[in-house]
């Protein structure tokens, strides 16, 4: 038995596990030191937790695009971050026009609906164009070819929007009704966070309902299982794949408006970091799994918000919040190494076997 273990375990495995254990020890020691210091109050941790939930909700909507497309085509659409960017970066011009006319503050609900409709429409259109022009002709190609195409499409969209809208930052005007907060004991909720959390939850429920309980959703699951058999049973595979991209694009467009409420500045490069974190969330939850995408996104949002202070402040790191992106990317690496199927992916794989 010992000889078998020696044959299976290589030096690389020992090195990887050693790094993982070291990081785990650092996290535990840092957390204990931070909590013992008593530097931060309960209200501070609650504020960070609420912020993490709002971020996680936005990441969940972006992650839906990754997980739906992967579930159907078994490919990672790395241009999805630009699909996310295209909606709010276009809608910001409508938002500024509404603000200048005074309509944004007079009719904030109608204004938000208009911004959501425009953002979702633009992102959906971009996603459909990507599917039709870039991905459909390569459907029978080796997996590496669509992957390279997705990366190329990502750069193409970035610099197309840079040329159309400029390379500068655009500021989103926030309606007056959302410029404040509500306090419940030690819990402080900013109005923008409330809208982001409720909006993300509502969109996730709608998308989950479409996938689970509609004819389109049943067809999507059938195509995900076996395209050839689904086609023989009368399902229009091309149409279902297009619908999948449309749903992912609409979800990303809605996420873009919610993200702009939390961070009211947009530019042509705004999709990269949220896109990577949403991809991390999809992998963490089990890519191809709708519920997994939501679960992974909430975890990533909470870790990004609470983690830097909780893990690193007690170790004397001067600006732990600057390392929040590094924490998210470290999580991605270790998920891919130790549990590539994700939290819920293993269960689905066993169910299909």
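Read the figures in this text as sums done on the coordinates, not as results from a lab. Remember, predicted model here, so these are calculated numbers, not experimental data. In this analysis, Cβ positions are derived from the backbone assuming ideal geometry, glycine residues included, and neighbour counts consider all displayed protein chains.
Order these peptides, 215-221, 112-118, by their mean beta-carbon neighbour count within 10 angstrom, highest first.
So the order, starting with the most tightly packed, is 112-118, 215-221.
Mind sorting 214, 12, 280 by how few other Cβ atoms lie within 10 Å of their own Cβ, fewest first?
Working: 214 11, 12 8, 280 27.
Listed from fewest to most nearby Cβ atoms, that is 12, 214, 280.
Over the chain, with a Gaussian network built from C-alpha contacts below 10 Å, which listed residue (278, 230, 91) shows the highest mean-square fluctuation?
230
Classify region 76-125 as rounded, prolate or oblate, taking a ≥ b ≥ c as the square roots of the eigenvalues of its Cα gyration tensor: rounded when a/c is under 1.5, otherwise prolate if a/b is larger than b/c and oblate if not. Write out the running numbers ahead of the final one.
Values: a/c = 3.92, a/b = 2.61, b/c = 1.50.
Cα axes put region 76-125 in the prolate bin.
Can you work out the FRET efficiency for the pair residue 141 and residue 212, with r the C-beta to C-beta distance and R0 = 30 Å, to the nearest 0.05?
On the way: r = 31 Å, r/R0 = 1.04.
Taking R0 as 30 Å, the efficiency between residue 141 and residue 212 is 0.45.
Under the definition of Cα pairs under 8 Å and six or more residues apart, what whole-number percent is the relative contact order of region 127-273?
35 percent
Could you tell me which of rounded, prolate or oblate describes region 138-208, using a ≥ b ≥ c as the square roots of the eigenvalues of the alpha-carbon gyration tensor, with rounded for a/c under 1.5 and, failing that, prolate when a/b is larger than b/c and oblate otherwise?
On the way: a/c = 3.95, a/b = 1.79, b/c = 2.21.
Oblate, because a/c is 1.5 or more while a/b does not exceed b/c.
Starting from the Cα coordinates of the chain, work out the convex hull volume and express it per residue in Å³.
176 Å³
With the contact rule set at Cα under 8 Å and sequence spacing of 6 or more, what percent relative contact order holds for the chain?
33 percent
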